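Scroll down for the structure; my scribbles are underneath it.
Quick note: the coordinates plus some simple rules give every number you see, no bench work behind them. Everything numeric in this text was worked out from a predicted model, so none of it was measured. Cβ coordinates were reconstructed from backbone atoms using ideal geometry, including for glycine residues, and neighbour counts include every protein chain displayed.
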Amino acid sequence: MADNSILNSSISVLHGPNLNLLGQREPGIYGVLTLAAINEQLMADGLDLGVRVTCFQSNHEGELVDQIQSGIGAVDGFVINAGAYTHTSVAIRDAIAAVQIPTVEVHLSNIYRREEFRHHSYLAPVVVGQISGFGAMSYRLGLRAIVAHLRD
Ligand code: DQA
């Protein structure tokens, strides 16, 4: 049952580089679901939770920064899988910090069980929290987490 107080909330799901290839990209690590299937599920979950969900993917760091900035006044919360930019991008971190829109970081794989260069997230210090390692379920948990955070 949707909580009326957040019925008009808008959640933006951001996908970073190479996530457009989900379904065919290293399925043993990232699973067999396509990005379209994940987005469809998130939009259906949004209906159940009573929030509007929009999804955006880009392979380009600056486009992700633009998308975060365009959330000002338009978006109540972000769920972001910044892909490899998680481990490199001060620009995406600064954008999240600048807009002051609550953000949950998600990863399909458990980044702490993988190569050492994936263990550090530039985003972690500026997000509400992180969900890592549950495959496509990480996004669904991330959506629930941001809704619960906004409800609080
Ligand atoms: C990822 C983990 C990153 O290390 C990697 O570069 C990705 C996907 C994940 O969802 O598990 O592209 O963010």
Exposure proxy ranking, count of Cβ atoms within 10 Å, fewest first, for Ile68, Ile131: Ile131, Ile68
What number, rounded to the nearest 500 deg cm²/dmol, is the helix-based mean residue ellipticity at 222 nm of the chain, given -39500 (n - 2.57) per DSSP H run of at least four residues and division by all its residues? -10500 deg cm²/dmol
Note down the net charge around Val13, summing +1 for each Lys or Arg and -1 for each Asp or Glu among other residues with Cβ under 13 Å from its Cβ. -1
Estimated FRET transfer efficiency when R0 is 22 angstrom, pair Glu40-Ala148 (beta carbons, to 0.05): 0.50
Based on other C-beta atoms within 10 Å, arrange Arg52, Arg25 from fewest to most. Arg25, Arg52
Among Ile111, Ile146, Ile92, Ile29, which comes first, second and so on when ranked by fewest other beta-carbon atoms within 10 Å? Ile29, Ile111, Ile92, Ile146
Pulled fully out, how much extra length does the chain show between Leu47 and Phe117, if you take 0.36 nm times their separation in residues and subtract their Cα-Cα distance? 21.5 nm
Quick one: which residues, 5+ away or cross-chain, put their amide H under 5 Å from the amide H of Val13? H built at 1.01 Å from N. Thr54, Cys55, Phe56, Val79
Principal axis lengths of the chain from Cα atoms, whole Å, largest first? 43, 32, 24
Whole-number percent relative contact order across the chain, with pairs defined as alpha carbons under 8 Å at least 6 apart: 27
